[in-house]
Amino acid sequence: MTGKQLKNSILQWAIQGKLVPQDPNDEPASVLLEKIRAEKARLVKEGKLKKKDLEMKPIAEEEIPFEIPESWEWVRFGTITINRDSERIPLSVAERSRLEKKYDYYGASGVIDKVDKYLFNKPLLLIGEDGANLINRSTPIAFIAKGEYWVNNHAHVLDYLNEDLMQYICLYINAISLVDYVTGTAQPKMNQENMNSIPVALPPFSEQHRIVAKIEELMPLVEKYGETQETLEELNNSLPEKLKKSILQEAIQGKLVPQDSTDGVAIISNNPKTPKKTSNFDDYSFEIPDNWKWCQLYQIADVIGGYAFQSGDLKSDTGTRVIRISDITPKGLSNKSIVRCSLNDVPNQYAIKSNDILIAMTGGTVGKSLLLEYISEPMYLNQRVAMIRASKDIEIEYLNFIIKSPLIQSIISDVKNSTNDNISMADILGFPVPLPPLAEQRRIVAKIEELFGVIKK
């Protein structure tokens, strides 16, 4: 359960009379209701309210959403409120820009500015009148404004017989769905008439005080729980990747599986291509077992850049599929927005083969890679992607794990930060590789796959 779900559950218990015990010595809610009616009748007599403010349609049985204790009463929202919407005055952004920033200026979801004057100087309940928040509830709908402040015409302003009642109604509105009282979809709005019709479960006055006090006691704990739960969720989400990185680091340092003296030593192919040395071994190298060797990628693999297709070449619905950066995903090649070309003169060197490793060379996902163990159809490689093709003495799965390891990813990160999110062919060719004997490469691959399988579970 998330912190938000726990908070919602507590609010639901509160408005259903399940959060604090009932006290038979409490005056029933009917007594409070008569006091509210008497006060509103007095205000009508003094001309501060209209007579229609006393007239509320009775609540039908089908409108009652849940059972309440016997000492409670179902009432219309408008029955227990004193509406002060007529005192609101909106001020435009231009008007506010000329004013001294002294008093809070409230809108539908809270304070949105400050002004040099105020309209109200007592605690009042504000309820958002319009906006998407009425539906998505990203912030509280109801909130209590205190001190001296101004309210625009996007929030209803409501007064109460006492502050405990106001606080209870505030949590009540935040606990229920308002969808049935909102009109419009593009511009959701809860007008005064609809708001006044909301059925409210009204507790006795003393129980309202106990409910509000219990909520104030619990909410800091709920917030703490929510923070802890979010931290735990973030940890759970990040832990698998962190474990994988740790496993890969142990693997390429020769610490994941035991060495075997019968394996011999690592074999480095005599690759005649000698790129510029871009990786600083002093910065990235570490101790490896005696029968391992440090080498650079060009010494154990061919690295081939993609073909520079023109945009017009890739609009054909038929022909050979072309693999771009966007096609490379952690789960394999994407089947969305496949492009093909019908060119007949693309050099064969750009054809992808089974067991090629593809690596992105530019863009926001530079360094992401994918091992294509099996090619089911002919494919060409587009520019800004390189394919790494291992020599016969290299286990391709081991090389794939090397490319994904913290060692190579840290190099890519360092390089791209200095070259505007790009890595060059020379950078890739110069990747340092800690190379074990072929037999140990295979044992390492088997152990990594075993451990990764456990992590997924």
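The values are calculated or read from the model by the stated rules, or taken from the named source; none is laboratory data. These numbers come from a predicted model, not from an experiment. Glycine gets a Cβ as well: all are built from the backbone with ideal geometry, and neighbour counts include every protein chain shown.
Taking the range 344-380, which residues are touching a helix residue (DSSP H, G or I) at 6+ places or on another chain (Cβ under 6 Å) and farther than 19 Å from Lys404 by Cβ? Answer for the range 344-380, where residues must be touching a helix residue (DSSP H, G or I) at 6+ places or on another chain (Cβ under 6 Å) and farther than 19 Å from Lys404 by Cβ: just Tyr380. For the range 370-400, the tally of residues that are in a loop (DSSP other than H, G, I, E, B) and among the small types (Gly, Ala, Ser) stands at 2. Can you pull out the residues in the range 77-109 that are part of a strand (DSSP E or B) and closer than 16 Å to Ala142 by Cα? Passing the criteria: Ile82, Asn83, Tyr105, Tyr106, Gly107. Taking the listed residues Lys353, Lys336, Lys368, the one that is surrounded by fewer than 22 Cβ atoms within 10 Å (Cβ to Cβ), of a type in the set (D, E, K, R) and either closer than 30 Å to Leu243 by Cα or in contact with an Asp or Glu (Cβ under 6 Å, 6 or more places away or on another chain) (or both) is Lys368, with no other qualifying.
Report, by residue number, each residue of the range 110-142 that is part of a loop (DSSP other than H, G, I, E, B) and free of Cβ contacts under 8 Å to residues at least 40 places away in the same chain. If you could, list the steps in order and put the result at the bottom.
Step one: list which residues in the range 110-142 are part of a loop (DSSP other than H, G, I, E, B), which gives 116-119, 121-123, 129, 131-132, 137-141.
Hits for the range 110-142 are Asp116, Lys117, Tyr118, Leu119, Asn121, Lys122, Arg137, Ser138, Thr139, Pro140, Ile141.
What number of residues in the range 19-58 are part of a loop (DSSP other than H, G, I, E, B) and surrounded by 13 or more Cβ atoms within 10 Å (Cβ to Cβ)?
Taking the range 19-58 first, the residues part of a loop (DSSP other than H, G, I, E, B) are 19-28, 46-50, 55-58.
Subset that is surrounded by 13 or more Cβ atoms within 10 Å (Cβ to Cβ): 19-20, 22, 26-28, 49, 56.
Here the count works out to 8.
Scanning the range 311-328 for residues that are modelled with pLDDT under 90 and not small (Gly, Ala, Ser) returns Asp313, Leu314, Lys315, Asp317, Thr318. Does at least one position in the range 59-76 carry a residue that is outside any helix (DSSP H, G or I), exposed (fewer than 13 other Cβ atoms within 10 Å of the Cβ), over 40 Å from the mean Cα position of the chain (by Cα) and assigned by TED's automatic domain parsing to the domain that holds Ile211? Yes, that holds for at least one residue.
Looking at the range 29-49, which of its residues are of a type outside the set (Gly, Ala, Ser), out of contact with any Lys or Arg (no Cβ under 7 Å at 6 or more places or on another chain) and farther than 17 Å from Arg76 by Cα? Scanning the range 29-49 gives Arg42, Leu43, Lys45, Glu46, Lys48.
For Ile411, the requirement of being surrounded by fewer than 22 Cβ atoms within 10 Å (Cβ to Cβ), β-branched (Val, Ile, Thr) and closer than 19 Å to Lys245 by Cα is not met.
Within the range 410-457, restricting attention to residues that are of a type in the set (Ser, Thr, Tyr) and in a helix (DSSP H, G or I), the residue that is farthest from the chain's Cα centre (by Cα) is Ser418.
In this structure, does Ser86 turn out to be over 25 Å from Glu27 (Cβ atoms), over 38 Å from the mean Cα position of the chain (by Cα) and modelled with pLDDT under 95? Taking the combined requirement at face value, the residue satisfies it.
Identify, please: which residue in the range 166-199 is of a type in the set (Val, Ile, Thr) and farther than 24 Å from Lys122 by Cα and is, among those, surrounded by the fewest Cβ atoms within 10 Å (Cβ to Cβ)? Step through it out loud before you land on a result.
Pass one, the range 166-199, residues of a type in the set (Val, Ile, Thr): 169, 173, 176, 179, 182-183, 185, 198.
Now restrict to residues that are farther than 24 Å from Lys122 by Cα: 176, 179, 182-183, 185, 198.
Details: Ile176: 18, Val179: 10, Val182: 17, Thr183: 12, Thr185: 8, Ile198: 19.
The qualifying residue surrounded by the fewest Cβ atoms within 10 Å (Cβ to Cβ) is Thr185.
Candidates Pro28, Pro65, Pro58: the one that is touching an Asp or Glu at 6+ places or on another chain (Cβ under 9 Å) and not small (Gly, Ala, Ser) is Pro28.
Here Leu221 meets the list (1) among the hydrophobic types (A, V, I, L, M, F, W, C); (2) modelled with pLDDT of 95 or more; (3) exposed (fewer than 13 other Cβ atoms within 10 Å of the Cβ) almost entirely, failing just condition (2).
With the requirement that a residue be more than 19 Å from Asp421 (Cα to Cα), aliphatic (A, V, I, L, M) and not in a loop (DSSP other than H, G, I, E, B), what does the range 347-369 give you?
Passing the criteria: Ala351, Ile357.
Checking each residue of the range 80-100 against the condition of being in contact with a Lys or Arg (Cβ under 7 Å, 6 or more places away or on another chain) and surrounded by fewer than 16 Cβ atoms within 10 Å (Cβ to Cβ) gives no match.
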